[in-house]
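Right, one structure below, let's go through it.
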Amino acid sequence: MAQSRINKAASIYTRLNGLIKSNLIKWSDRPLWYDIYKAFPPQRDPIYRSVLGNDVVAPLPKKLYYKEDELRAYFFKNISPIETIVLNSNMQQPNWETFISTYYEMEKMGLKKESLIDATIETLLAKGFYFKNNLKKTNNLIEQTNDKNNAESDSVKNEMKTLEGEISKSNLIETANVNVSPDSNNQKL
Amino acid sequence: MNFLKLSHLLNPLKINALSSSLPATKKISTTVMSNFYLNSLKLNAKASQLASTTKLPFSDADDKSNNERAENISRAMSYYLEKMAERESLMKFKTEEFEIGKRHLAKMMGENAETFTQDDINRSIEYLLPSGLFNKKARPFLKHPEDYYPKSKLAAFGSDGRPLHHLFYTGNPDFYQIIYELTQKYLNLNRLEDAMNLIKGRMKTIHKTDEADLNTRINLTGSVWIDRNKLNVKFNMKIDELSYNKFIIMLQKLAEHSLSKREETFIGQFIVPFEPPIKLSDIPALLKDETGRPYQELEVRQRTAIVKLKLYEGNGKIKIKAPEGNFNINFFDSLTQREQLLFPFKVVDKINKFDIEMEVNNGGMSCLSKAARYAISKALCCFVSADSIEKLRLAGLLTSDSRPKERKKPGQEGARRRYTWKKR
Amino acid sequence: MLNLTKNLPIIINKLTTPQSQKLLKFTSNIHSTAGNRQNDQNLKTSVVPQKSKIINPLKHEDFFQINELVKLEDLFKARCHYGHHHGLRCPWMNEFIFGTRITTDIIDLDQTIPLMKRALNFIAHIAFRKGVILFITRYAQHIPLIEQSALEVGEYSHCKPWRNGTFTDSTRRFGSVIRLPDLCIFFHTHEKLNEAHGALSETAKMLIPTVAICDSDSDPSQITYPIPANDDSLVSQQLYTRLIKEVIIKAKKKRQELEEQGYVIQYE
């Protein structure tokens with residue numbers, strides 16, 4: 001097929017049109033796509049553009065930030081550092097997400113903006129929430145209640161350890177005897 | 001018989017004669033049109049002529065559906081048909097010429113033209129036109145044109161111009177088809193393995209040394225991958241070394257899969273049994289002395305050096321007979337050359353258990369010692385067990401060094417060395 | 001809903017007003033989704049005038065019912081909105097990007113959908129006219145998928161290293177005059193990192209239209225029907241191949257059916 005190979009000058013459609021007009025390609029010899037292109041033209045003429053040329057580049061896209069990002073930043077800076085997430089396991093909702101959700105709940109209740117964060121922390125602590133206490137800037141509130149929680153949890157932990165020793169022995173025997181059926185495995189995965 | 005071959009080439013493809021009979025397209029100014037377009041116009045005109053006379057070699061075309069722009073679409077096919085017709089007429093002409101040439105030759109040799117075979121032709125040409133040209137392809141010949149003209153390919157596309165193979169546009173569909181099958185098989189095995197592991201209740205892939213699963217993996221001991229030339233011949237394709245190496249890596253990966261035994265027939269296409277360089281059956285039997293002592297005789301040449309060896313069972317005596325006189329191991333000055341002689345015995349662990357008698361001629365010292373080493377290890381094969389022969393092979397003692405002497409260059413003292421040069 | 005549709009055929013017989021005819025069309029759609037294809041076909045054929053038996057598919061706005069195929073939710077689930085790091089962005093992709101979220105570009109799927117529909121429509125029409133369609137990619141992970149899908153549909157694929165002149169010097173490359181593809185579909189526009197695929201310029205030179213999936217780092221300006229979407233993840237590639245396969249098969253079947261019914265297809 002005769003064609004002009006100057007691919008950067010114009011789109012394929014206009015170049016083909018030129019060839020047809022000047023009788024280099026017969027109307028009956030036009031390629032398959034010509035009619036389809038004519039009936040359903042693309043959004044923009046597929047012409048080569050160069051950044052150095054006169055073509056106007058669209059403005060830079062905006063940066064995406066949400067209200068939750070602010071809250072999250074506050075949380076990591078002032079309340080508790082970021083924790084590792086194991087994507088493989090079915091972990092519970094991470095710390096900061098519960099913080100944000102409770103924040104929105106409190107907001108719906110109609111509290112003032114300044115007191116909102118303190119209120120959310122209070123409610124979370126009241127629920128028995130445990131914050132990691134690695135930061136210097138933590139609220140006094142958290143320190144006090146964390147100490148209490150720790151003291152409670154230590155006593156519980158000691159009891160658990162003694163129990164675990166007994167359980168682990170019996171567990172070992174049980175797991176060895178279990179025949180894993182294929183169906184149950186499939187359900188898990 | 002060179003003139004016969006030349007006459008074959010003198011006749012062009014008769015394109016000029018054909019194209020002159022076509023409807024004139026010269027009126028259109030050629031400056032505007034590209035040559036390519038002109039050719040295609042001619043082709044279209046020809047296709048209509050050919051279509052009436054020749055039949056298609058296949059019948060997958062439904063003419064009804066291809067009515068729209070039929071001329072445009074069948075351009076590739078018409079070109080192919082035209083080429084085929086050209087070739088046919090050429091071959092017809094050439095075979096006639098060959099028959100006449102054969103008869104002339106038979107007459108010259110005074111033999112019967114009817115019973116004159118190809119062997120007779122070769123013999124008589126060698127007699128009439130003896131040639132000392134190094135390259136055998138350059139020597140004069142007379143053959144049937146089918147034997148030396150490139151064979152015509154089957155069309156790779158249908159009458160509507162659509163290629164028959166889905167990887168046609170890659171340019172090497174035969175080879176890439178094999179790779180495509182290989183990858184699909186590998187992925188299928190992976191899927192199967194995952195499913196099986198789910199049933200067995202383990203998520204880790206089966207370890208390579210897992211004995212229970214050795215039955216499911218293909219066993220490749222005693223075989224090697226097919227080499228590139230054989231592969232090209234077997235599947236009738238051309239692949240370069242780079243893609244061949246990649247292909248072998250892929251094959252290796254498939255073969256190492258834990259379930260590769262399922263694809264045994266596929267992998268088996270690319271496997272050749274391993275052939276050791278020295279077969280046990282090829283090793284000559286031991287000779288016996290007048291006193292009944294077993295020995296072996298050998299002659300080895302390397303570059304200009306010639307070594308005639310006799311190896312006896314004994315206790316480590318060495319006799320070397322050179323043109324200058326008789327010597328023992330002291331014939332070789334440097335320690336490395338002496339070690340070369342002993343090395344084969346060291347590998348088999350039989351130092352001081354054989355006597356050597358050598359006749360040495362020509363060559364430099366290192367070349368002689370190397371030839372002697374090869375001769376000794378080859379002769380040793382007759383005495384020792386198969387395991388020891390394998391040891392010798394692995395040590396590289398059973399391969400001869402076939403490198404010739406590098407030639408002296410003009411303007412230089414030797415092969416590499418330059419003349420000493422002083423500025424003033 | 002399902003119960004309603006079962007009872008509907010009885011009601012339809014009684015309805016004769018123009019409003020009721022609208023209802024009829026509506027019900028036919030329900031039938032088709034419920035898997036009752038036979039009724040659907042009968043209704044469609046009755047729309048076409050049987051006297052002339054001439055059909056021009058280009059005059060229909062959506063001849064292959066592609067609008068139903070593309071859904072925003074599918075695209076989102078297949079991670080089609082993920083772009084590259086903003087530093088890799090091609091400036092001509094700015095208009096298709098929704099925003100940058102922590103250095104990563106997010107592609108605007110609202111713009112992707114109409115463009116994708118347009119491209120799929122074009123592919124379907126080419127397949128309907130028995131054009132040669134070539135699937136192209138150089139992304140190693142996707143090659144088996146794309147080669148396989150091209151084979152399933154009865155089209156062609158080129159996923160191997162591109163040799164310059166495959167299109168522009170085809171007679172020498174292939175040893176004879178060949179039919180070049182009528183459409184090239186690029187599933188990935190890069191041959192190596194940061195290097196455009198060699199076929200892109202060659203298709204433009206040889207007047208071959210292109211459909212390409214353009215990630216935020218690829219240049220859409222010379223592509224006839226660009227689809228701004230993620231081209232790196234396997235899940236999204238599976239979606240594209242599924243859609244394109246579906247569309248091609250649909251077009252080919254439709255052609256066969258119309259020919260069997262004795263229709264004459266004209267484009268002018």
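The values are calculated or read from the model by the stated rules, or taken from the named source; none is laboratory data. Everything numeric here is computed off the predicted structure, so don't read it as measured data. FYI the Cβ positions are ideal-geometry reconstructions off the backbone, even for glycines, and counts take in every protein chain you see.
Evaluated against (1) surrounded by fewer than 15 Cβ atoms within 10 Å (Cβ to Cβ); (2) in contact with a helix residue (DSSP H, G or I) (Cβ under 7 Å, 6 or more places away or on another chain), B:ILE267 falls short on exactly one condition, (1). The set of residues in the range B:284-298 that are in contact with a strand residue (DSSP E or B) (Cβ under 7 Å, 6 or more places away or on another chain) and in contact (Cβ under 8 Å) with a residue 12 or more places away in the chain comprises B:LEU286, B:ASP289, B:ARG293, B:PRO294, B:TYR295, B:GLN296, B:GLU297, B:LEU298. Taking the conditions (1) in the same structural domain as B:ASN215 (by TED's automatic domain parsing); (2) among the β-branched types (Val, Ile, Thr); (3) without any contact (Cβ under 8 Å) to a residue 24 or more places away in the chain in turn, B:ILE329 satisfies each one other than (1). For the range C:182-203, filtered to residues that are within 9 Å of another protein chain (Cβ to nearest Cβ), out of contact with any Pro (no Cβ under 6 Å at 6 or more places or on another chain) and not in a loop (DSSP other than H, G, I, E, B), the residue that is surrounded by the fewest Cβ atoms within 10 Å (Cβ to Cβ) is C:SER201.
With A:ASP45, A:ASP29 as the choices, which residue is touching an Asp or Glu at 6+ places or on another chain (Cβ under 8 Å) and among the acidic types (Asp, Glu)?
Working: A:ASP45 fails: touching an Asp or Glu at 6+ places or on another chain (Cβ under 8 Å).
None of the other options fit; the residue is A:ASP29.
Only helices (runs of 4 or more DSSP H) whose full extent lies in the range B:25-136 are considered here, and the ones with at least 2 residues that are modelled with pLDDT under 90 are B:35-53, B:70-73, B:75-109.
In the set (1) surrounded by 11 or more Cβ atoms within 10 Å (Cβ to Cβ); (2) within 11 Å of chain C (Cβ to nearest Cβ); (3) under 25 Å from C:ASP105 (Cα atoms), the condition left unmet by A:LEU71 is number (2). Would you mind telling me which numbered condition in (1) buried (at least 24 other Cβ atoms within 10 Å of the Cβ); (2) in contact with a Cys (Cβ under 6 Å, 6 or more places away or on another chain); (3) not in a strand (DSSP E or B) C:PRO226 fails? That leaves (3) as the condition not met.
Summed over the range A:76-93, residues that are surrounded by 13 or more Cβ atoms within 10 Å (Cβ to Cβ) and either at pLDDT 85 or above or in a loop (DSSP other than H, G, I, E, B) (or both) total 2. The single residue among B:GLN337, B:GLN412 that is farther than 18 Å from B:ILE283 by Cα, in contact with a helix residue (DSSP H, G or I) (Cβ under 6 Å, 6 or more places away or on another chain) and modelled with pLDDT of 90 or more turns out to be B:GLN337.
If I filter the range C:231-244 for residues that are within 14 Å of chain A (Cβ to nearest Cβ), touching a residue at least 12 places away in the same chain (Cβ under 8 Å) and within 17 Å of the chain's Cα centre (by Cα), do I get at least one hit? Explain how you work it out, then say what you get.
Pass one, the range C:231-244, residues within 14 Å of chain A (Cβ to nearest Cβ): none.
No, that holds for no residue.
Report whether or not B:ALA386 is touching a residue at least 60 places away in the same chain (Cβ under 8 Å) and crowded, with 20+ Cβ neighbours inside 10 Å. Judged against the criteria, B:ALA386 is not a match. Answer yes or no as to whether A:TYR37 is hydroxyl-bearing (Ser, Thr, Tyr) and surrounded by 13 or more Cβ atoms within 10 Å (Cβ to Cβ). Spelling it out, A:TYR37 is indeed hydroxyl-bearing (Ser, Thr, Tyr) and surrounded by 13 or more Cβ atoms within 10 Å (Cβ to Cβ).
Restricted to the range A:45-68, and to residues that are among the charged types (D, E, K, R) and loosely packed, with under 14 Cβ neighbours inside 10 Å, which residue is farthest from the other protein chains (Cβ to nearest Cβ)? Quick ask: steps written out before the conclusion?
Kept after step one, since they are among the charged types (D, E, K, R), are these residues of the range A:45-68: A:45, A:49, A:55, A:62-63, A:67-68.
With the extra rule that they be loosely packed, with under 14 Cβ neighbours inside 10 Å, the set shrinks to A:45, A:55, A:62-63, A:67.
On the way: A:ASP45: 9, A:ASP55: 8, A:LYS62: 5, A:LYS63: 5, A:LYS67: 14 Å.
Across the range A:45-68, the extreme among qualifying residues is A:LYS67.
Just need a number here: residues in the range C:87-108 that are without any contact (Cβ under 8 Å) to a residue 60 or more places away in the chain and either facing chain A (nearest Cβ under 7 Å) or closer than 12 Å to C:PRO228 by Cβ (or both).
So the first thing to find is which residues in the range C:87-108 are without any contact (Cβ under 8 Å) to a residue 60 or more places away in the chain, and the list is C:87, C:91, C:94-95, C:98-104, C:106.
Narrowing the set further to residues that are either facing chain A (nearest Cβ under 7 Å) or closer than 12 Å to C:PRO228 by Cβ (or both) leaves C:91, C:94-95, C:98-101, C:106.
Count: 8.
If you take the residues in the range C:148-181 that are touching a strand residue (DSSP E or B) at 6+ places or on another chain (Cβ under 8 Å), buried (at least 20 other Cβ atoms within 10 Å of the Cβ) and in a loop (DSSP other than H, G, I, E, B), which one is nearest to the other protein chains (Cβ to nearest Cβ)? Checked the range C:148-181; the qualifying residue nearest to the other protein chains (Cβ to nearest Cβ) is C:ARG179. The listed residues are A:PRO46, A:PRO61, and the only one of them that is within 30 Å of C:ASP219 (Cβ to Cβ), free of Cβ contacts under 8 Å to residues at least 60 places away in the same chain and touching a Gly at 6+ places or on another chain (Cβ under 6 Å) turns out to be A:PRO61. Taking the range B:192-238 as the range and being surrounded by 12 or more Cβ atoms within 10 Å (Cβ to Cβ), assigned to a loop (DSSP other than H, G, I, E, B) and at pLDDT 85 or above as the test, the residues that pass are B:ARG217, B:ILE218, B:ASN219, B:LEU220, B:ILE226. Here A:SER28 qualifies as assigned to a helix (DSSP H, G or I) and either more than 9 Å from chain C (Cβ to nearest Cβ) or closer than 30 Å to C:ILE102 by Cα (or both).
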